Amino acid sequence: MSVLQSSSPNGLSKKLRFSPQRVVLRALLLGASLLVVPGDLIAQVDGQAVYDQWCAGCHGEDGAGAGPAANTMLPRPRDFTLALYQVRTTSSGELPTDADILKVINEGMPGTAMPGWEEVLTEAERLALVDYLKTFSRFFQGDPPTPLDFGRATSGGEDAIARGEEVYQSVECWRCHGQEGRGDGESAPTLNDDTGFPIFAADLTENWRFNGGGEVEEIYRVLRTGLDGTPMATFSDIVDAGVITNEDLWSLAHYVRSLSPEEEPSVEEVVTAQLLTDTPLPQTVEDVVWEEAERFYVPLSGQIVVQPRWFNPRVDAVWVQAVHDGQELALLVSWGDPSESPDTLWTDFGGQVVTTMGSDDEGAATGSGTADQLVVQFPQQLSEGQERPYFLQGDTRNPTYTWTWQSDIAGAFESIARGMGTAARQPDSEQHVRATAQHADGQWKVLFVRPLDTGSAEDLALTAGQAVPMAFQAWDGDNGESGSQGAVSTWYFLVLGQPTPVAVYVAPPVALALTLLFGLLVVRQAQVGSGMWREPDATARAKRAAKRKQLAGMGVGVIWLGMAFGSYQNSRAGWEAGHADLGFWWAIIGGLLAIAGLGALIGTWIHTRTSK
Amino acid sequence: MIERFSGLRNTVLLVSVFVIAGCGGGDGGGGDAGAADAAPAESPVDAATAGNVSGMVTFSGTAPMMAEINMGSEATCASKHSTTPTEEGFVGGENGGLANVFVYVKEGLESLSFPTPTAAVVLNQDGCVYRPHVLGAQVGQDITLRNSDGLLHNINASPTENRGFNVSQPVNMDTNRSFPVAEVMVPVRCDVHGWMMSYIGVLDHPYFAVSDSDGSVSLDGLPPGDYVIEAWHEQLGTMTSNVTVTTGGTAEISFEFTEAMAGSPVPMGEPIDLLHPDGHQAVDY
Ligand SMILES: [Cu+2]
């Protein structure tokens, strides 16, 4: 029982949380492993050997967080000699429990370079690691820490979220995390961790990147314990002092959770631009069309192929929405960025980032303060077989055609690039892309509009129904990013929704009528065969009739199946053109036709067998 | 450990009071013994023979310019300052005096032990600056972290010998913390206001002081004997001085920091000895 209390809810992975039986089972297993394994298995596992093999590359053999790979990481790997652990179930300043350390080893630290090791190392190895990590600091020689009692989560819901928003305001979370939670608060540019490295206030709209976990119980735990070694302080004292209630703190956790999507966004390979038929194409980032248009999540990572490389990209993802009206495409790209670079409030921060990253690459940035930038990249020409240019702005053989937006110039421009950093701006007479941008509450929204066909052979023409490769690159100037030092995505596809063919509307009644007609014909034929046209020889007559029936039955079956296939095609066309209702009804018709067709074939076959 | 469980500690205290009271009710002798155990030991110093250390901390050379603090949107704090506040890494005083120097007995008291004061020292956040900027406390003594600004501060202490803490204070309130191990100095910062810095010297005896705005400083009530006195400045490093305190006498000290000392290493706690993790000893400042 004590194991269950001390390990729940934070020691459990999120997928198990909702199953009480599994929670109990897991707690028992965890308890058993903690109680039984150490004496038994750990003796056979050399924690130091595991550490030296898997951990020392980043954390250093001496545990001080300065392994050979540490220079490319921000936040830096944990310095175990300080015994400062962010993810704990204990008070601010207390040591973590063994289960706390194990949780981070198992699950990793989202949003950092620390992966989870649950699938890589055996349980005995991971437990031996916990013991070994503790040898790096004498602080662990004292009494083991006592985990806090977090109680149970309150029920949440709209009222809790509303109350949580009030608490967010009154305890002033916005000072670092910003009014909308995107890590753009006024204190954000001056934040350092305990070892003096610059550190970002978490973007609370991306809970899958929270250190210590993004679910309500985990957020509450961080509010209670703080994240030691970072500016994130404990809020336990204000509950103890009666400034807010414990329920208020839970409400705050519910509110923070509500700032992120219900599920971590999935990555779709195809970005669909819906065809607008009765709405004008949006010309601003605030157009109501964007409230309805589907959002596609495109993760980005640091450009670490071409020198100078960049290991600390600020923009971890962009959200893409697209619509068109048959004449022009409107593409809205949104992403979190705390500042409108260059912003003098952030210049020092970016300078610190650049210094911390300490790149030896030739041409690496030496300071910050350039503009923010976004590049949307397409192949210059579509090749047969969907061969795509090199994802880093193509090469000489296979160039890319790009739209570039920068925060320090109005609009956007088109270029042709033959490799990272080689983009050559097209002449002014050949510029066709327009852009408007807005920065608010730590978020950029940039809207690109371009004719589907610019009439220029240099520009990729967009055709409805055709899948066009598309990729994104983003730079945060105030994070010291420029040139090849930025964030990049892989290739995605942009597909423009097609106008719904007239056939989609006309065909269903026609098909129904035809089906009915065929049915009638078959019945009539059968009646003709059995009575109206008499064969002198009764046996021959019966044979002939049976043969005719058989042929008619099979014919009808095949025709109906063919029509079912046609319906399926129509259904797909309907869905893809964004007419879900038509797609649905065609699917129903197709299904019925398929059943009828199969029924006719099987019925005929059975009838033929039995009559023999 | 550091007192983070003030509630728990109070409960324990309360329980022990009840236990003692209960004992007292049943058996007067037992109760008295318990009370005697719980009471702090008397000061080991004979006031009749004690002497003092007194003197000046000065600075010679060109005083570094301290940047003005841009309190920007923090109107509440800005309005508390009659002149534009500046950063406090170097505060010079009258006649070459140097303020905010932590002066303390580093050696010479090893054979004595001192009771923990019951009164707390206060680290006040007032006008988005720490008052005082440099503070001394005894081991185990409550340090009251006070928010007088009514807006969010966090008190982020990063000691080396002790465990740290990082406490949010979004309203006017007091929070108590203490350090169980002597350490000179514990840096304290506010992450909300990047300019807010403070240093706490934690000692296992009461002989410490912070130089005032004209650089004067004194350590009173020291038992006669030989001492090493250290002066610590956050930008200029440390200086030490040997003094002899005679019965009832006042030993003069003088610390002259110079411009050339700018950039000297500034000790901040003691490094943790990785090679001898077992060898951690009671701090012998
Ligand atoms: Cu503050």
Please report how far the C-alpha centroid of the range B:159-196 lies from that of the range B:56-107, rounded to the nearest whole angstrom.
-> 20
Considering only protein heavy atoms, what is the solvent-accessible area of A:Lys134 at a probe of 1.4 Å, reported in Å² to the nearest 10?
-> 50
Between the range A:271-328 and the range A:419-439, what is the C-alpha centre distance in whole Å?
-> 16
Would you list A:Lys549, B:Lys106 from the most to the least accessible area, probe 1.4 Å?
-> A:Lys549, B:Lys106
For the pair A and B, how large is the buried accessible area, both sides, in square angstrom to the nearest 100, if the probe is 1.4 Å?
-> 2800
What percent does the relative contact order of the range A:78-135 come to when contacts are Cα pairs within less than 8 Å and at least six residues apart?
-> 25
FRET efficiency, 1/(1 + (r/R0)^6) with R0 56 Å, evaluated for A:Ser266 and A:Leu517 via beta carbons | 0.75
Taking Cα atoms, how many degrees apart are the long axis of helix A:246-258 and the longest axis of chain A, rounded to 10 and kept between 0 and 90?
-> 50
Sequence-distant or interchain residues sharing an amide H contact under 5 Å with A:Thr272, placed H: which?
-> A:Val495
Using r as the Cβ-Cβ distance of B:Ala78 and A:Ala424, and R0 as 45 Å, what FRET efficiency do you calculate, to the nearest 0.05?
-> 0.35
Calculated from DSSP H runs of 4 or more alone, at -39500 (n - 2.57) each and per residue, what is the 222 nm mean residue ellipticity of chain A, nearest 500?
-> -11500 deg cm²/dmol
Given a cut-off of under 8 Å on Cα pairs at least six residues apart, what relative contact order in percent is computed for chain A?
-> 10
Here the range B:202-211 yields Karplus 3J(HN,Hα) values (6.51, -1.76, 1.60; θ = phi - 60°; whole Hz; Gly and Pro given as x) of 10, 10, 9, 8, x, 9, 8, 7, 10, 4
Taking the Cα centre of the range A:271-321 as origin, sum charge times position over the Cβ atoms of Lys and Arg (+1) and Asp and Glu (-1), and report the length of that vector in debye to the nearest 20.
-> 520
Over the range B:48-261, with every protein chain in place, what whole percent of the accessible area is carbon and sulfur at 1.4 Å, could you tell me?
-> 47
Starting from the coordinates of the alpha-carbon atoms of the range B:66-110, obtain the Kirkwood hydrodynamic radius over all distinct pairs and give the value in Å to one decimal.
-> 13.5
With every protein chain in place, the residues of the range A:124-154 shedding 30 Å² or more of accessible area versus the chain by itself (probe 1.4 Å) are A:Arg138, A:Phe139, A:Gln141
Using amide H atoms built 1.01 Å from N in the peptide plane, name the residues 5+ places from A:Asp337, or on other chains, whose amide H lies under 5 Å from its own.
-> A:Gln443, A:Trp444
Of all DSSP beta bridges located in the range B:48-261, what percent are antiparallel, nearest 5?
-> 70
Kindly report the accessible area of the range B:78-141 per residue (heavy atoms of protein chains, probe 1.4 Å, no ligands, DNA or RNA), in Å².
-> 43
Extension gain from B:Thr144 to B:Thr250, taking 0.36 nm per residue of separation minus the Cα-Cα distance = 35.0 nm
Placed amide H near B:Asn176: partners under 5 Å, 5+ positions off or other chain = B:Leu145
Put B:His81, B:His153 in order of accessible area, largest first, probe 1.4 Å, and you get B:His81, B:His153
What translational diffusion coefficient, in µm²/s and rounded to a whole number, does the Stokes-Einstein relation yield for chain A at 10 °C and a viscosity of 1.306 mPa s, taking the hydrodynamic radius as the Kirkwood radius over Cα pairs?
-> 55
Separation between Cα centres of the range A:552-597 and the range A:55-91, rounded to whole Å | 60
Rounded to the nearest 20 Debye, what is the dipole magnitude of the range A:202-281 about its Cα centre when Lys and Arg each give +1 and Asp and Glu each give -1 at the C-beta?
-> 240
With everything on Cα atoms, drop me the angle between helix A:158-170 and the longest principal axis of chain A, reported from 0 to 90° to the nearest 10.
-> 30
R0 of 25 Å, Cβ-Cβ distance B:Glu68-B:Gln235: FRET efficiency to nearest 0.05 = 0.90
Please give the direction-averaged projected area of the C-alpha convex hull for the range A:158-258, in square nanometres with one decimal.
-> 5.9
When DSSP beta bridges are limited to those with both residues in chain A, what percentage is antiparallel, rounded to the nearest 5?
-> 90
Roughly speaking, what is the stretch gain from A:Ala153 to A:Ile409, that is 0.36 nm per residue apart minus the C-alpha to C-alpha distance, in nm to one decimal?
-> 87.3 nm
Cα pairs beyond 21 Å in the range A:270-496, in percent, come to 54
Across the range A:231-241, in residue order, what do the Karplus-derived ³J(HN,Hα) couplings come to in whole Hz, using 6.51 cos²θ - 1.76 cosθ + 1.60 with θ = phi - 60° and x for Gly and Pro?
-> x, 6, 9, 7, 10, 5, 4, 6, 6, 4, 7
Reachable aspartates and glutamates from A:Lys134, criterion Cα separation under 15 angstrom, eight or more residues apart if same chain = A:Asp46, A:Asp52, A:Glu61, A:Asp62, A:Asp79, A:Glu94, A:Asp98, A:Asp100, A:Glu125, A:Asp143, B:Asp273, B:Asp278
For the range B:102-113, just list the computed ³J(HN,Hα) in residue order, Karplus coefficients 6.51, -1.76 and 1.60, θ = phi - 60°, integers in Hz, with x standing in for Gly and Pro.
-> 8, 10, 8, 7, 8, 9, x, 10, 4, 7, 10, 10
Would you work out which of A:Leu249, A:Thr195, A:Thr230 lies farthest towards the positive end of the dipole of the range A:158-258, given +1 charges on the beta-carbon of Lys and Arg and -1 on that of Asp and Glu, about the Cα centre?
-> A:Thr195
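The values are calculated or read from the model by the stated rules, or taken from the named source; none is laboratory data. Being a predicted model, the structure only gives us computed values, none of them experimental. Here the Cβ is made from the backbone with ideal geometry for all residues, glycine too, and neighbour counts use every protein chain on show. We work out accessible area using only protein heavy atoms, side chains counted, and drop any ligands, DNA or RNA first. Shrake-Rupley method; radii C 1.70, N 1.55, O 1.52, S 1.80 Å.
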